[in-house]
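Beneath this line is the structure, given in structure tokens, with notes to follow.
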Amino acid sequence: MRVNTPLVGFSGEIVEAVGEIALPISLGSYPRRSTKMVKFLVVKAPSAYNVILGRPSLNLFRAIASTYHMKLKFPTLEGPGEAVGDSRLARECHASILLNAGETRRRQGPDIDSLKGKKQKLEQLSNENRIHLVDGESNDRERMTATEALKHIEVVPGDPRKTLKIGSDLPTEVENTLTIFLRRNVDAFAWGDEPLPGIPPEYALHHLNVDPRMKPIKQKKRSFGPEKNKHIADEVGKLVKAKYIRPISYPEWLANVVLVPKTGGKWRLCIDFTDLNKACPKDLFPLPRIDLLVDSTAGCELLSFLDAHQGYNQIGLAPGDQEKASFITDLGIYCYKVMPFGLKNAGATYQ
């Protein structure tokens, strides 16, 4: 269908539309795919893009765009759908647009000296993009290298096992001050389970609040192969040595251990607290919002990241609730003395 609607660019140039066409556009992959009929204006103009979806199309799909992640999220009958962009093609299109803009200005007859400067700048931008486009992942690797440019310092001089990381691009004065501060407070850091005293119960203590109307459930013991049993025995031994668990007899609640595969072929020891969690009400106190925490750092000169070693296990479990957090292994039955992973409200207590 022919139309008389012109398109106006950012710099004021006008392009007459040849006509209008309606096409079916599908976003996402099956089963989370959404298809809509979208009306497009057809123009005769050099462009790096074949199709441009504007605000009307995004509103039609009820889509939310993230330019940082190169993604579109939109609702479907099967749940949130997702359309992922190609960062390499996006950079190529961006470089092409910059070059086309330079050629357009040249044809319009601007000042020769000004044109030379702009063209050199466009060629420089284009070359920079070409360097990143040789490998589709090179830009991601460079970005990771920049963000992870860290320097290791020995908090205990002469002991390479006890090191911390600080920014490698810090001014010398700030780096020296920070190093002295960290070494002065070396007792605040732990490199193992042994020196961790735990949080005093008067500051934090986890309660299960089991519904008394719920009948206690004892799960039937599961069997594992020799290799998994050896790993379970090693992990239980570490927990006993760290005084996180203790032996127990005749518990009312009993759960099984579960081995969850980790990267590198290793296993993570978990406890199946499914039945116990069903008997506990949910803690409705809202957790801190990450975006508000990040915004609160605005204006700070330094940003620190702390890895809470065995953070959950540093919070005690109420003595009256310890026997409820029992689990069975080939070595015997144990219960947790500290707050374990997997409990319904453990995250709220930890926050």
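The values are calculated or read from the model by the stated rules, or taken from the named source; none is laboratory data. Please read all numbers here as calculations on a predicted model, not as lab measurements. Cβ sites come from the backbone with ideal geometry, for glycine too, and all protein chains shown count toward neighbours. Areas reflect the complete protein model, heavy atoms only, side chains present, ligands, DNA and RNA absent. Shrake-Rupley method; radii C 1.70, N 1.55, O 1.52, S 1.80 Å.
Laid out as a table, the results:
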item	result
Residue that is nearest to Y334 (Cα to Cα) [pool: residues in region 208-257 that are without any contact (Cβ under 8 Å) to a residue 12 or more places away in the chain and assigned to a helix (DSSP H, G or I)]	G237
Flag for G299 being within 30 Å of P216 (Cα to Cα), of a type outside the set (A, V, I, L, M, F, W, C) and open to solvent by less than 90 Å² (accessible area, probe 1.4 Å)	no
Subset tally (residues that are in contact with a helix residue (DSSP H, G or I) (Cβ under 9 Å, 6 or more places away or on another chain) and of a type outside the set (G, A, S)) for region 228-249	6
Residue match in region 274-292 (condition: modelled with pLDDT of 90 or more, open to solvent by less than 50 Å² (accessible area, probe 1.4 Å) and among the β-branched types (V, I, T))	no
Residues that are free of Cβ contacts under 8 Å to residues at least 24 places away in the same chain and among the small types (G, A, S), drawn from region 175-191	A188
Residues satisfying the stated conditions in region 160-180, i.e. over 23 Å from W191 (Cα atoms), among the charged types (D, E, K, R) and not in a loop (DSSP other than H, G, I, E, B)	E173
Pair list, Cβ < 7 Å and 6+ apart or interchain, from region 287-300 residues that are within 27 Å of N345 (Cα to Cα) and in contact (Cβ under 8 Å) with a residue 24 or more places away in the chain to residues that are open to solvent by 80 Å² or more (accessible area, probe 1.4 Å) and in a loop (DSSP other than H, G, I, E, B)	L287/Q351; P288/Q351
Among residues of region 193-205, those that are in a loop (DSSP other than H, G, I, E, B), among the aliphatic types (A, V, I, L, M) and open to solvent by 50 Å² or more (accessible area, probe 1.4 Å), counted	1
Members of region 150-179 found to be surrounded by 14 or more Cβ atoms within 10 Å (Cβ to Cβ), within 21 Å of H309 (Cα to Cα) and of a type in the set (A, V, I, L, M, F, W, C), listed by number	I153, V155, L164, I166
Any hit, region 337-351, residues being in contact with a Phe, Trp or Tyr (Cβ under 6 Å, 6 or more places away or on another chain), in contact (Cβ under 8 Å) with a residue 24 or more places away in the chain, among the polar types (S, T, N, Q) and at negative phi	no
Some residue of region 181-192 being within 34 Å of the chain's Cα centre (by Cα), surrounded by 10 or more Cβ atoms within 10 Å (Cβ to Cβ), among the charged types (D, E, K, R) and not in a loop (DSSP other than H, G, I, E, B)	yes
Subset of region 42-68 [open to solvent by less than 70 Å² (accessible area, probe 1.4 Å) and assigned to a strand (DSSP E or B)]	V42, V43, A65, S66
Residue in region 312-347 that is nearest to the chain's Cα centre (by Cα), counting only those that are aliphatic (A, V, I, L, M) and under 17 Å from Q219 (Cβ atoms)	L343
Answer from I153, I64 - the residue that is of a type in the set (V, I, T), farther than 30 Å from L178 by Cβ and at pLDDT 80 or above	I64
Single unsatisfied condition, G102 versus (1) at pLDDT 65 or above; (2) out of contact with any strand residue (DSSP E or B) (no Cβ under 9 Å at 6 or more places or on another chain)	(1)
